1. Take the range 157-207, drop everything but the C-alpha atoms, weight them equally and run the Debye formula without solvent; then report log10 I(q)/I(0) at 0.29 Å⁻¹ to two decimals.
2. Among bridges DSSP assigns within the chain, what percent are antiparallel (round to 5)?
3. Would you kindly work out the equivalent ellipsoid of the chain from its C-alpha gyration tensor and give its semi-axes, the square roots of five times the eigenvalues, largest first in whole Å?
4. What does the highest-first list of 237-243, 315-321, 129-135, 143-149 look like by mean Cβ count within 10 Å?
5. Please report the equivalent ellipsoid semi-axes of the range 231-357, computed as sqrt(5 x eigenvalue) of the Cα gyration tensor, largest first, in whole Å.
6. Could you calculate the contour length gain from residue 309 to residue 334, that is, 0.36 nm times the residue separation minus the distance between their Cα atoms, to one decimal place in nm?
7. Hey, what angle do you get for helix 209-221 against the long axis of the chain, alpha-carbon based, 0 to 90 degrees rounded to 10?
8. For residue 349 and residue 238, compute 0.36 nm times the residue count separating them, minus their Cα-Cα distance, and round to one decimal in nm.
Ligand code: F6P
């Protein structure tokens, strides 16, 4: 038995741990794993792949990035623009399928976010045996309580806030940290709460710059002379649009730029010296936390189990401390967004964090 593995979409700490889990579990079954290079692109002629075994993948669960490479704006982009579904052209699907068959690949594990899994669903609907593994630092897939990569990204936000805190308090400044997350505010919410931000602005709660300035005044009245603000790239003031940094690349739109805007407007309204930092791809790079290594490994092992059980068209999922599975269709149907009335937001408000609303 030979199985295929590919990574799609943006890279994410923990991807190599999935590869490690797949290769080890498959090897114990007596199966061979081949890893396609640069995501679905590796399926096209001439097929680009590496044979993976426990020796060639030794120790990779500790490494950031992906040893297989990935593509997030390619010919197989399953999502375009502002999250619209794209049908992959039939010629591409046929070519990929022909190559998979000529390589004797009997099942394909696709590790990725919303876009990669939307493409995986199309392969599955065409009758190819596919298993999905959810990956995203944004934690925005609804059929799994958590994705690997999110914990590492959140830790990077916390580290950045720890550093910003010392310079903000030395200069009595307002420091704004723009973080990733696309349409979901999870990274901002968890990172902000863990890193001691006083104000967290997320896409799910439209904010007002006036309210933010008032919150800064209140904090100062309590004796806090500096303020840390975390703003998600997808956040926007009520009645205004999200800021799109780039919509030209043929995949999903790229958000970014709200941090700079916030620094200017909050600075003017509050009369305080304000600076902004965009954390960007630092959130995706570097070594995975132990949690992400372990979750990634568990996901890889589970993907192999699903192949053994012939549960094709399913995605590995983490629920109630257990790794199980759901249908890929169910997984890509709906984004997992922060509930503005949920426990996490309630907790943040209870410790005095303002959402600028
Ligand atoms: O989905 C992961 C993510 O890192 C988002 O948080 C971010 O908006 C986007 O990918 C950035 O993509 P790119 O790698 O194209 O800059």
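We did not get these values from a lab; they are worked out from the coordinates using the rules stated. None of these values were measured; they are calculated from a predicted model. Here Cβ is always computed from backbone atoms with ideal geometry, including for glycine, and neighbour counts include all displayed protein chains.
1. Values returned for q = 0.29 Å⁻¹ are -1.15.
2. 30 percent
3. Ellipsoid half-lengths, sorted descending, are 40, 20, 17 Å.
4. Values: 237-243: 13.1, 315-321: 17.9, 129-135: 28.3, 143-149: 24.1.
Result, highest mean first: 129-135, 143-149, 315-321, 237-243.
5. Its equivalent ellipsoid spans semi-axes of 37, 19, 16 Å.
6. Working: separation 25, 0.36 × 25 = 9.00 nm, distance 2.64 nm.
Taking 0.36 nm per residue and subtracting the Cα distance, the gain is 6.4 nm.
7. 60 degrees
8. Numbers: separation 111, 0.36 × 111 = 39.96 nm, distance 1.92 nm.
The residue 349-residue 238 span can extend by a further 38.0 nm.
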